[in-house]
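K.L.:
Just dropping this structure here.
The values are calculated or read from the model by the stated rules, or taken from the named source; none is laboratory data. This is a predicted model, so every value here is computed, not measured. Backbone-built Cβ (ideal geometry, glycine too); neighbour counts: all protein chains shown.
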């Protein structure tokens, strides 16, 4: 019995005929493990009276692993607050495995801050980098320099074209755009135009916005060749209601697609003017969007689940750094469609 009390994860994995990472997922109740495999591992643990906390002795001897985290400021946007909450929920677990996270919070309103943090990360040479690269050129530059320095990069939320990161965690932006066009086509009047709004991002330097717009347009071309559409980049820091007024006054608008989490900006416009015949599709379960969805001024929300993306990004590095398990290159997150009817399942 003494032998079994001192057994570790490696011995459990060997007896169960699985990898060390699979045992770890069962111990911490995370990730996908088949019911049969899970039960086999649990039976071995029970049989030998295994105590998971005994692995702490060996973990203390491990080399400390540093992971840089480059993401937008949580205080700037509820979407990124949800992402940070996901990372925070895994910090203790990461430290138990000898992995320490150093966050760098850049501003979506300050491109230079992203570049400055990029230089600092390269100087400090972490063992890995998790980044949400909202700036196309600067993000690609950092990625290529990390590749030269043999620093593995996990991208989440945004996949940069022309790169091959260690892993990408997120949804398919192009397919999300196609889905938005399909939803609007299904519920809106066939007579009016569709409008695509990009809030607070420069389209030519935002790859995820470009892909969403292209997916949206491609769907219309393939299925609704006569449907007119307009595209606008809006700065919400400036007074934009007058611009929306002009768009509505000069165009018969029947559907709107907001490519960011700021669908509520258009939703409030529709609500304040009691406009109910215009359909609206946006992204993400943030409170303002949820309220307008419940009131009927947003018709669909496409949930990208930033919290889940963050957790999966960090776990990808834990699996690799600790257990040398390599995850799928692009484990795309499901594209979830949220309506008033199924909202209760997500909040």
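K.L.:
Collect the residues in the stretch 142-173 that are in a helix (DSSP H, G or I) and buried (at least 19 other Cβ atoms within 10 Å of the Cβ), keeping them in residue-number order. Full working, then the answer.
P.N.:
Here is the first cut: in the stretch 142-173, the ones in a helix (DSSP H, G or I) are 142-148, 173.
Selection gives 142, 143, 146, 173.
K.L.:
Also, quick follow-up: Out of curiosity, is residue 139 assigned by TED's automatic domain parsing to the domain that holds residue 219, crowded, with 22+ Cβ neighbours inside 10 Å and over 13 Å from the mean Cα position of the chain (by Cα)? Before the answer, list the steps.
P.N.:
Details: assigned by TED's automatic domain parsing to the domain that holds residue 219: no; crowded, with 22+ Cβ neighbours inside 10 Å: yes; over 13 Å from the mean Cα position of the chain (by Cα): yes.
No; evaluated as a whole, the condition is false for this residue.
K.L.:
Exactly one condition in (1) in a loop (DSSP other than H, G, I, E, B); (2) under 21 Å from residue 346 (Cα atoms) is false for residue 281; which is it?
P.N.:
The failed condition is (1).
K.L.:
Quick check on this structure: which one of 317, 257 is outside any helix (DSSP H, G or I) and either more than 16 Å from residue 172 (Cα to Cα) or not assigned by TED's automatic domain parsing to the domain that holds residue 129 (or both)?
P.N.:
Values: 317 fails: outside any helix (DSSP H, G or I).
Exactly one residue qualifies, and that residue is 257.
K.L.:
From the list 347, 298, 286, 247, pick out the single residue that is buried (at least 21 other Cβ atoms within 10 Å of the Cβ) and either closer than 27 Å to residue 220 by Cα or within 21 Å of the chain's Cα centre (by Cα) (or both). Spell out the reasoning first.
P.N.:
Details: 347 fails: buried (at least 21 other Cβ atoms within 10 Å of the Cβ); 286 fails: buried (at least 21 other Cβ atoms within 10 Å of the Cβ); 247 fails: buried (at least 21 other Cβ atoms within 10 Å of the Cβ).
Going through 347, 298, 286, 247 in turn, the sole match is 298.
K.L.:
Turning to a different aspect of this structure: Part of a strand (DSSP E or B) and surrounded by 22 or more Cβ atoms within 10 Å (Cβ to Cβ): which single residue out of 68, 83 fits that description? Show your work before the answer.
P.N.:
Numbers: 83 fails: part of a strand (DSSP E or B).
Only one candidate passes the filter, namely 68.
K.L.:
On to the next question. Does the stretch 202-224 hold any residues that are surrounded by fewer than 18 Cβ atoms within 10 Å (Cβ to Cβ), within 20 Å of the chain's Cα centre (by Cα) and not in a helix (DSSP H, G or I), and which are they?
P.N.:
202
K.L.:
Next up: Select from the stretch 1-50 the residues that are closer than 20 Å to residue 93 by Cα and loosely packed, with under 12 Cβ neighbours inside 10 Å and write down the one among them that is modelled with the highest pLDDT.
P.N.:
So the residue we want is 32.
K.L.:
OK, next. Look through the stretch 225-244, keep the residues that are within 30 Å of the chain's Cα centre (by Cα) and either not assigned by TED's automatic domain parsing to the domain that holds residue 270 or not in a strand (DSSP E or B) (or both), and return whichever of them is surrounded by the most Cβ atoms within 10 Å (Cβ to Cβ). Don't jump to the end; show me each part of the working.
P.N.:
First, pick out the residues of the stretch 225-244 that are within 30 Å of the chain's Cα centre (by Cα): 229-241, 244.
Imposing the further condition that a residue be either not assigned by TED's automatic domain parsing to the domain that holds residue 270 or not in a strand (DSSP E or B) (or both) reduces the set to 235-241, 244.
Details: 235: 13, 236: 11, 237: 8, 238: 8, 239: 8, 240: 17, 241: 12, 244: 20.
Step by step, filter the stretch 225-244, then rank; the result is 244.
K.L.:
Identify, from the list 217, 247, 210, 234, the residue that is touching a strand residue (DSSP E or B) at 6+ places or on another chain (Cβ under 8 Å) and under 25 Å from residue 285 (Cβ atoms). Outline the logic, then answer.
P.N.:
Working: 217 fails: under 25 Å from residue 285 (Cβ atoms); 247 fails: under 25 Å from residue 285 (Cβ atoms); 210 fails: touching a strand residue (DSSP E or B) at 6+ places or on another chain (Cβ under 8 Å).
That would be 234, the only listed residue that is touching a strand residue (DSSP E or B) at 6+ places or on another chain (Cβ under 8 Å) and under 25 Å from residue 285 (Cβ atoms).
K.L.:
Tell me yes or no: at least one residue of the stretch 324-340 is under 18 Å from residue 188 (Cα atoms), over 18 Å from the mean Cα position of the chain (by Cα) and assigned to a helix (DSSP H, G or I). I'd like the intermediate steps shown before the answer.
P.N.:
Just the residues of the stretch 324-340 that are under 18 Å from residue 188 (Cα atoms), to begin with: 337-340.
With over 18 Å from the mean Cα position of the chain (by Cα) added as a condition, the list becomes 339-340.
Those left that are additionally assigned to a helix (DSSP H, G or I): none.
No, the stretch 324-340 contains no residue that is under 18 Å from residue 188 (Cα atoms), over 18 Å from the mean Cα position of the chain (by Cα) and assigned to a helix (DSSP H, G or I).
K.L.:
Inside the stretch 86-113, can you point out the residues that are assigned to a helix (DSSP H, G or I), touching a residue at least 24 places away in the same chain (Cβ under 8 Å) and under 19 Å from residue 142 (Cα atoms)? Don't jump to the end; show me each part of the working.
P.N.:
So the first thing to find is which residues in the stretch 86-113 are assigned to a helix (DSSP H, G or I), and the list is 86-88, 91-96, 111-113.
Still in the running and touching a residue at least 24 places away in the same chain (Cβ under 8 Å): 86-87, 93-94, 96, 111.
Answer for the stretch 86-113, where residues must be assigned to a helix (DSSP H, G or I), touching a residue at least 24 places away in the same chain (Cβ under 8 Å) and under 19 Å from residue 142 (Cα atoms): just 111.
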